[in-house]
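Report on the structure given below.
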Amino acid sequence: MYNKIMESVEFIKSKVSRKPKIGVILGSGLGDLVNVVEDKEYISYEDIPNFPVSTVKGHEGKLVFGRIKDVEVLLMQGRFHYYEGYTMKEVTYPVYVMKQLGIEKIIVTNACGGINKSFEPGTLMLINDFINLFGDNPLIGVNDDRLGTRFPDMSEPYKLELINKAKEIAKELNIDCAEGVYAGFMGPYYETAAEIRMIGGMGADAVGMSTVPETIAANYLGMDVLGIACITNMATGIQKVKHSHERVVETAKKASVDLCRWVEKIIEEI
Ligand code: HPA
């Protein structure tokens, strides 16, 4: 894998001469952040050797290089989901590439279901921990010590310092934010009511089908992670209506106005 990553990185470096400091992975309906990026340069995933290729409708597959508030950033427009059939190594491949490009901090966003009854659709939640219910993880297999340690610590998967900074900024900008635990399921079906009762009892505040693999890989690689979840609906059994992907994306798009303002300022200050 190491050689493949390096090949991807060399290709990217031959196309753009930028030194991104912060990486951002954008969730469903949360792609608007790209609009505030200045001096953009794009590379399509399909052009990068060894990069997986996005298959989901509405998920654009490209790396966006540029500046937000004078900070060099790299945005992933379109992420890889486990439910699409990618392996965990493929899902997290871009994180490995980001690390080798020199990125030390990564902001991961997602659209997800709310379990904590104090939430409502549109709530933005700082993720303070995760529960991995994928039944898999990206670190399985022979370990390459050049990348990270065999048994990584996961006691602070989301960097406390970044969470506190994000809270401070939310206050300044008058953005309401919640905080909680994100449980990741493999999907692609929206969970059953019984599954939601179970994970609610385990301490999950929100549930989704992404973010956990990338968080695990980033921690393994020694990167600092900030996770922001957009609650687009209440989880199965809590909300009375059936789920619809269209409604999820619509709610995420509305919430992304505040999310963009927030993330812009976070990027400026961390
Ligand atoms: N469950 C899982 N993933 C989701 C949900 C949900 O309720 N809403 C948006 N993504």
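Points to keep in mind about this one:
- Nearest-10 value in Å² for the accessible area of residue 118, using the 1.4 Å probe: 90 Å²
- Counted residue by residue at 0.36 nm each, then reduced by the alpha carbon distance between them, the extension gain from residue 197 to residue 137 reaches 19.2 nm.
- Averaging 1/r over every pair of different alpha carbons in the stretch 56-167 and inverting the result gives a Kirkwood radius of 16.7 Å.
- With each label modelled as a point 7 angstrom along the Cα→C-beta vector, the residue 246-residue 161 pair spans 4.6 nm.
- Note: relative contact order over the chain, using C-alpha pairs below 8 Å and six or more positions apart, is 27 percent.
- Helices in the chain, meaning DSSP H runs of at least 4 residues, each add -39500 (n - 2.57). Divided by all residues, the mean residue ellipticity at 222 nm is -10000 deg cm²/dmol.
- Multiplying the residue separation of residue 254 and residue 174 by 0.36 nm and subtracting their alpha-carbon distance yields 27.2 nm.
- Amide H contacts under 5 Å for residue 123: 231, restricted to partners 5 or more places along the chain or on a different chain, H placed in the peptide plane at 1.01 Å from N.
- Carbon + sulfur, % of accessible area of the chain - ligands and nucleic acids excluded, 1.4 Å: 49 percent
- Within the chain, DSSP assigns beta bridges of which about 35% are antiparallel (rounded to the nearest 5).
- Viscosity 1.002 mPa s, 20 °C: Kirkwood-radius Stokes-Einstein D of the chain over Cα pairs, µm²/s: 116 µm²/s
- Note on the stretch 111-270: Lys pairs 8 or more places apart or on different chains, Cα atoms under 29 Å apart, count 29.
- Accessible area in square angstrom per residue, the chain, 1.4 angstrom probe: 44 Å²
- Taking 0.36 nm per residue of sequence separation and removing the Cα-Cα distance, the residue 46/residue 150 pair yields an extension gain of 34.4 nm.
- Surface accessible to a 1.4 Å probe, residue 154 within the full protein complex, Å²: 60 Å²
- Shape of the stretch 1-118, Cα gyration tensor, a/c cut at 1.5: oblate
- Note on the stretch 1-91: lysine pairs with Cα distance below 21 Å, sequence gap of 8 or more or different chains, count 19.
The values are calculated or read from the model by the stated rules, or taken from the named source; none is laboratory data. Model, not experiment: these values are computed from the prediction. Virtual Cβ from ideal backbone geometry, glycine too; neighbours counted across all protein chains shown. To get the accessible areas, we keep the full protein, side chains included, count just its heavy atoms, and leave off ligands, DNA and RNA. Shrake-Rupley method; radii C 1.70, N 1.55, O 1.52, S 1.80 Å.
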